[in-house]
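The values are calculated or read from the model by the stated rules, or taken from the named source; none is laboratory data. Everything numeric in this text was worked out from a predicted model, so none of it was measured. Because the Cβ atoms are built from the backbone with ideal geometry, glycine has one as well, and the counts that use them run over all protein chains shown. SASA here: full protein model, heavy atoms, side chains in, ligands and nucleic acids out. Shrake-Rupley method; radii C 1.70, N 1.55, O 1.52, S 1.80 Å.
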Amino acid sequence: MLQGDTGPRDSFSSKFGVIAAAAGSAIGLGNIWRFPYVAGQNGGGAFLIIYLLFIAAIGIPVMMSEFVIGRSAQLNPVGAFKKIAPGKKWYLIGLLGVVSAFIILAFYTVVAGWTLEYLVQSVKWIIFSGRIGFSEMDNVALKEFFSNHYRGFIDGRWRPILWFAVMMGFTGYIVISGVKNGIEKYAKILMPLLFLLLVILVIRSVTLEGAGEGLVFLFRPDFSLLRETPVKIIIEALGQAFFSLSIGMGTLITYGSYIQKKENLANTAISVAAADTFIAVVAGMAIFPAVFAFGIDPGEGPELVYITLPVIFQRMAGGLIWAFLFFLLLCFAAITSTISVLEVIVAYFSEQLSMSRRNAAILAMISVGFLGVLCAFSEEIFGIFNASPDLLLPLGGFFIVVFIGWFLPKDKSKRELSSDGSHRTRYYNLFLFLVKFVAPLAIAFLFVLGVYSRLITLFPGAN
Ligand code: PHE
C-alpha cells in the first residue's frame with residue numbers, strides 16, 4: 001500500500017528495524033568522510049572530548065524530543081507540529097527542516113555519488129595496476145596520481161553529475177518501496193555489512209607499522225589548538241554532532257512517526273547515538289593509523305578520504321582491493337542516510353500536499369536534482385551547502401527542544417516516553433532539565449557565536 005493513499009500508516013516492524021533505520025540515517029558520510037577530517041583539522045582527541053559532551057548533553061535530548069514529536073503525532077515534521085500545536089507557528093520548524101533536507105540532500109548525494117566513481121575506478125586500478133605502473137611510483141608520485149584523478153573527476157563535471165543521478169535513483173527506489181519494505185529492509189541488510197567491512201579495515205589499519213601515532217592523535221587530547229581557536233573548534237563540534245546524529249531537521253521526527261507505540265524511545269535514542277559515535281570513532285581508528293603510518297598530514301580536509309586513502313591503500317599488501325572495500329562501505333553508509341533525508345521531503349509532500357508516495361519522490365528528486373547539479377558545477381555553492389548544516393541543524397534543534405521543554409505539557413512527553421506507562425522514565429527530570437535549560441542555552445550561545453565568527457571571516461574589515 002502506498003502512503004498517501006488511504007490505508008493504515010506504514011511503520012517499522014521491529015525493534016531491530018527501528019534501530020537499523022535510525023542508525024542507518026545517523027551513520028553515514030558524516031562519520032566516515034566528515035568526522036575524520038573535521039577532527040583532524042581541530043586537534044584530534046581534544047575535539048573528540050567536546051564532541052562526546054555535546055552528543056550526551058544536547059544530541060540525545062534533541063533526538064528523544066524528535067522521536068516524541070513524531071511518534072505522538074504520527075505525521076511528517078510540518079503536519080506533526082500543526083497537529084500538536086494547532087493554530088500556532090511551530091510548524092515553521094517543520095518547514096525549516098524540509099528546506100534543510102533539500103540543501104543537505106543536494107550536496108550529500110553529490111559526495112555519495114563520488115563513492116560510486118571510486119568503486120568503479122578501484123576495479124579499473126586493480127586490473128590495470130601493472131600498466132599504470134603503481135609499483136614504480138613513490139608516495140609523492142602516487143599522491144599526484146590520485147590527486148590528478150580527483151581534480152580531473154571533479155572538474156570534468158559530467159561524471160559527478162552522472163553518479164549523483166545514479167545515487168539519487170537508488171535512493172528514490174528505496175523510498176518509493178515504503179518504510180517497511182524499503183527503508184527498513186535495506187537498512188537491515190546494509191548496516192551489518194557496513195559494520196563488517198569497517199572491522200576488517202580497522203584490523204588492517206591498526207596492524208600497520210607506525211599505526212600507534214594515529215591512535216595517539218585520535219585519543220590523546222592536545223589542548224593547544226583548542227586554546228588557539230576555541231570558538232571554531234567548539235562550533236564545529238556542535239555542528240558535527242547535529243549532522244552526524246541526523247538531528248535538527250525532522251529526519252527523526254519522520255522516522256519517529258513510524259515507530260510503534262510499544263517501543264522505548266529513550267533506549268532507541270541512546271542506542272542510535274551510541275552506535276553513531278562508536279562508528280565515527282572506529283572510522284577514525286581505521287583512517288588515522290594509516291594516515292600516520294604513511295606520514296601524511298591528518299588535517300588535509302575533505303579530500304582526505306578521496307586522495308590520501310587511495311595512496312595508502314595502494315601501498316598496503318592487497319593494494320587497491322582495500323580501496324574497493326572502503327568505498328563500498330562508504331556507499332552503503334551514504335545510501336541509508338540519503339533515504340532518510342529524502343523521506344522527510346516525501347512524507348511532507350505526500351501527507352501535506354496529498355500526493356502519492358511515488359509522485360512525491362519523483363518531484364523531490366527532480367527538484368533536488370537541480371540543486372545537486374549546481375553543487376557539482378560550482379565549488380562555491382558546494383562549499384556553502386556543505387557548511388550550512390553547522391548552523392541550520394542547531395537552529396532547528398533549538399526550537400525542537402524549546403517546544404518540548406516549554407510548550408508541550410509535561411504529561412504528554414512523559415506519556416510518550418513511557419509508552420503510556422509501560423516503560424520506566426526515571427531519567428525524566430534530567431531529560432526535562434536538559435531540554436528546558438542546558439540544550440537551548442548552549443545551542444543559542446554557540447549559534448550566536450557561530451554567526452558572529454562567520455560574519456567576521458566574511459567581512460574581516462568590520463572587526
Ligand atoms: N547523519 C548523516 C551522516 O552522518 C547525515 C544526515 C544529516 C542525514 C542530517 C540526515 C539528516 O552522514
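Protection proxy ranking, highest mean first, for peptides 306-315, 234-243, 421-430: 234-243, 306-315, 421-430, where packing is the per-residue count of other beta-carbon atoms within 10 Å, averaged.
Sorting the segments 61-70, 351-360 by their mean number of nearby beta carbons within 10 angstrom, highest to lowest, gives 61-70, 351-360. Solvent-accessible surface of protein heavy atoms, probed at 1.4 angstrom with all chains present, puts 454, 220 in the order 220, 454, largest first. Karplus-derived 3J(HN,Hα) values for region 258-267, using 6.51 cos²θ - 1.76 cosθ + 1.60 with θ = phi - 60°, are 9, 7, 6, 4, 7, 5, 8, 5, 5, 4 Hz; glycine and proline are entered as x. For residue 157 and residue 359, the FRET efficiency from 1/(1 + (r/R0)^6), where r spans their Cβ atoms and R0 equals 25 Å, is about 0.25. As a length-normalised measure over Cα pairs under 8 Å and 6 or more apart, the relative contact order of the chain settles at 35 percent. The residues neighbouring residue 311, those whose beta-carbon lies less than 12 Å from its own, together hold a net charge of -2 under the Lys/Arg +1, Asp/Glu -1 convention.
Solvent-accessible area per residue in region 343-430 equals 48 Å², computed with a 1.4 angstrom probe and all protein chains kept. Assign one of three labels to region 162-288, namely rounded, prolate or oblate, based on the Cα gyration tensor with a ≥ b ≥ c the square roots of its eigenvalues; rounded applies when a/c is under 1.5, prolate when it is not and a/b is larger than b/c, and oblate otherwise. Prolate, since a/c reaches 1.5 and a/b exceeds b/c.
Computed from point charges on the beta carbon alone (+1 for Lys and Arg, -1 for Asp and Glu), the dipole magnitude for the chain about its Cα centre is near 1560 Debye. Across the chain the C-alpha pair distances fall into 20 Å bins from zero in the proportions 26, 58, 16, 0 percent. Charge tally around residue 295: other residues with Cβ under 13 Å, Lys/Arg +1 each, Asp/Glu -1 each, net -3.
Surface composition of the chain: carbon and sulfur atoms hold 68% of the protein heavy-atom accessible area at a 1.4 Å probe. Summing charges over neighbours of residue 71, with a neighbour being any other residue whose Cβ is under 9 Å away from its Cβ, gives -1 when K and R count +1 and D and E count -1.
The helix-based estimate of mean residue ellipticity at 222 nm for the chain, built from -39,500 (n - 2.57) per DSSP H run of four or more residues and divided by its residue count, is -23500 deg cm²/dmol to the nearest 500. The mean accessible area for residues of region 27-183, using a 1.4 Å probe and ignoring ligands and nucleic acids, is 34 Å² per residue. To the nearest ten degrees, helix 357-377 and the longest principal axis of the Cα atoms of the chain are 40 degrees apart.
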